[in-house]
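Student: One structure, pasted below without further comment.
The values are calculated or read from the model by the stated rules, or taken from the named source; none is laboratory data. No experiment lies behind these values; they were computed from the predicted model shown. Note: ideal-geometry Cβ built from the backbone for every residue, glycine included; neighbour counts use all protein chains shown. In case anyone asks, the SASA skips ligands and DNA or RNA and just uses the protein heavy atoms, side chains included. Shrake-Rupley method; radii C 1.70, N 1.55, O 1.52, S 1.80 Å.
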Amino acid sequence: MKQFAIWGSAGHAKVLNDIIKSNDGRVVALFDRQEVTAAIPDVPIFYGDEGFETWCNAWDRASPIFALVAIGGARGKDRHSIQNKMQAQGFRIGDIVHQRATVSENAKLGSGIQVLAQALIAADCDIGEACIINHHANVDHECILGHGVHIAPGAVLCGCVRVGDYAMVGAGAVVLPRIDIGAGAVIGAGAVVTKNVPAGSTVVGNPAREIDSSL
C-alpha cells in the first residue's frame, strides 16, 4: 500500500485522497501553513515549517512516503517550491492520474503531476513538474506546459499551445492553436484566447483582452 503526505488541507486534498483511496493507497499526514481543520478525517495535520520539520524528524523512513501538494489556482510557484522542499526532505514525489483520465502514451509527464477525472492529455504533449490538469480539462496534441501550471476544470488547450511556468488557465477557457501564454499569466474563466498572452498578465473575455490585475 502506497503511503502519501499532502501539503494543503482544503478541498483539493479531498479530491486527491479519493484518487489515492481508489488505488488502495492512504494518506498518513497533512501539512498546512494555516491552522485549518484537517480535510481528511482521522489523518493528523501539522502546521507551518515547524510542524513539518517535527513530523519529518519523527518519520520512520523504512517505508517510502510519496508527497503531493494540494495547492491550486495561480499559486503554481508555491506548489512547485513546496514539492521541491518535500523532495529534499526525502519524500518521493507522487504522480496522480485518475483512472478515468486519458493520457497519450507519447506524452511526457513531469514529476508531481495531477491529472483528474475525465481530463485528456493528447499525443506528444510535454507537461512540466507540479502541474494540475483538472477535471474535464483538454490538453490537445503537442502542447508544452512549464512547471507549476494549472489547467482548471473544463478548460481547452487546442493543439500546439505553449504555457509558461506557473501560469493558470481558468475554468472553461479556450486557447486557440499555436498560442503562447507567458509565465505567470492568468487566463480568466470562460475566456477565449486568440492571440499570445504576455508573461504576468491577466486576460478575460471573448476574445480575451488584458486587464489591470492590480485593480
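Student: Given the options 123, 117, name the one that is in a loop (DSSP other than H, G, I, E, B), open to solvent by 10 Å² or more (accessible area, probe 1.4 Å), under 23 Å from residue 178 (Cβ atoms) and small (Gly, Ala, Ser).
Tutor: 123
Student: Pick from region 196-211 the residues that are in a loop (DSSP other than H, G, I, E, B) and among the polar types (S, T, N, Q): which of them is farthest from residue 177 (Cα to Cα)?
Tutor: Among them, the one singled out is 201.
Student: Any residue in region 64-83 that's at negative phi: show its pairings with residues that are among the acidic types (Asp, Glu) and surrounded by 17 or more Cβ atoms within 10 Å (Cβ to Cβ) at Cβ separation under 6 Å, as long as the two are six or more apart or on different chains.
Tutor: 71/78
Student: Any residue at all in region 104-114 that is touching a strand residue (DSSP E or B) at 6+ places or on another chain (Cβ under 7 Å), over 22 Å from residue 83 (Cα atoms) and open to solvent by less than 40 Å² (accessible area, probe 1.4 Å)?
Tutor: The answer is yes, given that some residue of region 104-114 is touching a strand residue (DSSP E or B) at 6+ places or on another chain (Cβ under 7 Å), over 22 Å from residue 83 (Cα atoms) and open to solvent by less than 40 Å² (accessible area, probe 1.4 Å).
Residue-by-condition table, conditions (1) open to solvent by 10 Å² or more (accessible area, probe 1.4 Å); (2) among the aliphatic types (A, V, I, L, M); (3) at pLDDT 95 or above:
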residue	(1), (2), (3)
137	no, yes, yes
146	yes, no, yes
151	no, yes, yes
154	yes, no, yes
171	yes, yes, yes
175	no, yes, yes
184	yes, no, yes
192	yes, yes, yes
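Student: Here is a list of conditions, (1) without any contact (Cβ under 8 Å) to a residue 60 or more places away in the chain; (2) of a type in the set (Gly, Ala, Ser); (3) in contact with a Gly (Cβ under 6 Å, 6 or more places away or on another chain), and residue 130 meets all of them except one; can you say which number that is?
Tutor: (1)
Student: Would you mind stating whether residue 159 is touching a Lys or Arg at 6+ places or on another chain (Cβ under 8 Å), closer than 17 Å to residue 121 by Cα and either part of a loop (DSSP other than H, G, I, E, B) or at pLDDT 95 or above (or both)? Steps first, please.
Tutor: On the way: touching a Lys or Arg at 6+ places or on another chain (Cβ under 8 Å): yes; closer than 17 Å to residue 121 by Cα: yes; either part of a loop (DSSP other than H, G, I, E, B) or at pLDDT 95 or above (or both): yes.
Judged against the criteria, residue 159 is a match.
Student: Further, regarding this structure: Which of the residues that make up region 5-32 are within 18 Å of residue 88 (Cα to Cα) and either more than 21 Å from the chain's Cα centre (by Cα) or without any contact (Cβ under 8 Å) to a residue 40 or more places away in the chain (or both)?
Tutor: Passing the criteria: 29, 30, 31, 32.
Student: Any idea how many residues of region 126-135 are open to solvent by less than 50 Å² (accessible area, probe 1.4 Å) and part of a loop (DSSP other than H, G, I, E, B)?
Tutor: Counting residues in region 126-135 that are open to solvent by less than 50 Å² (accessible area, probe 1.4 Å) and part of a loop (DSSP other than H, G, I, E, B) gives 4.
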